[in-house]
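Inspection log for the structure reproduced underneath, given as structure tokens.
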Amino acid sequence: SALHNSLALRQAIWRKDDPRWHVCGVPLVFYTDSGGDFISHHLKQVAADLKMLLTNSIPGQPRGRGRIERFFLTVQQMLLCALHGYAPPKQGVRGEPRLTLDDFELRLRDFIFDVYHVQPHSETHVPPQQRWEAGGFLPQMPDSLEQLDLLLLTVATPRKVRRDGIWFLGRRYLDTTLAAYIGELVIIRY
């Protein structure tokens, strides 16, 4: 859903609790497929508010999604296949599944930080972490987590300010501050 996408973007954009995770900031371009949640008005508004180019891959042409698909294949080949409970196609389950979701998250984090981010990439020949740090740029960050939440987790809706306030979902909102905006369209967030 658009809300889940917004929560994922929140996690991607904001600074992480783990000091090993340096990657943060608003991406210049956000590549997605053309699923309904990725072409929603909400996500288009989020992209506009964050000044991020939203690019959808062409339906029926999976080539445009190669980067993330390749990452998932790397995780499968280098991490998942070694875990108890791994079930390769047409081969059944290997070992007895015994990882909790928290245990899996720890293993995935360790894999990303200790393996994936430090091994040279096949095309750039530079480890991803080293490439990020050598980029020489400062990531575009929202002023605060609250501002980011406001942009990501609320729906922006235009409303006309009338003499009797702003009407929305059967309720009237009135404040003397609105007097200067009578007759104008304003954006409300809910």
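The values are calculated or read from the model by the stated rules, or taken from the named source; none is laboratory data. Just so you know, these numbers come straight off a predicted model, no measurement behind them. Using ideal geometry, Cβ is built from the backbone for each residue, glycine included, and neighbour counts are taken over all protein chains shown. Only protein heavy atoms, including side chains, enter the accessible area calculation; ligands, DNA and RNA are left aside. Shrake-Rupley method; radii C 1.70, N 1.55, O 1.52, S 1.80 Å.
Below is a table of values for the structure above.
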quantity: Relative contact order, percent, the chain [alpha-carbon distance under 8 Å, six or more residues apart]; calculated: 19 percent
quantity: For VAL115, solvent-accessible area (1.4 Å; no DNA, RNA or ligand), Å²; calculated: 40 Å²
quantity: Residue among LEU152, PHE71, HIS22 farthest towards the positive dipole end of the chain, charges placed on Cβ; calculated: LEU152
quantity: Sequence-distant residues sharing a close amide H with ASP33 (under 5 Å, placed H); calculated: SER57
quantity: Placed amide H near TYR86: partners under 5 Å, 5+ positions off or other chain; calculated: ARG94
quantity: Per residue accessible area of region 59-190, 1.4 Å probe, in Å²; calculated: 76 Å²
quantity: Electrostatic dipole magnitude of the chain [Cβ: Lys, Arg +1; Asp, Glu -1; Cα centre; debye, to 20]; calculated: 600 debye
quantity: Antiparallel content of DSSP bridges confined to the chain, in %, to 5; calculated: 70 percent
quantity: Radius ratio Rg over Rh of region 67-190, counting only Cα atoms, Kirkwood formula for Rh; calculated: 1.26
quantity: Carbon/sulfur fraction of accessible area - the chain, other protein chains in place, 1.4 Å, %; calculated: 57 percent
quantity: At R0 = 35 Å, FRET efficiency that the Cβ-Cβ distance of PHE104 and LEU185 yields, to 0.05; calculated: 0.15
quantity: Net lengthening on full extension, ALA12/ASP143 (0.36 nm per residue, minus Cα-Cα); calculated: 45.6 nm
quantity: Mean-position separation - Cα centroids, region 78-138 and region 1-50, in angstrom; calculated: 21 Å
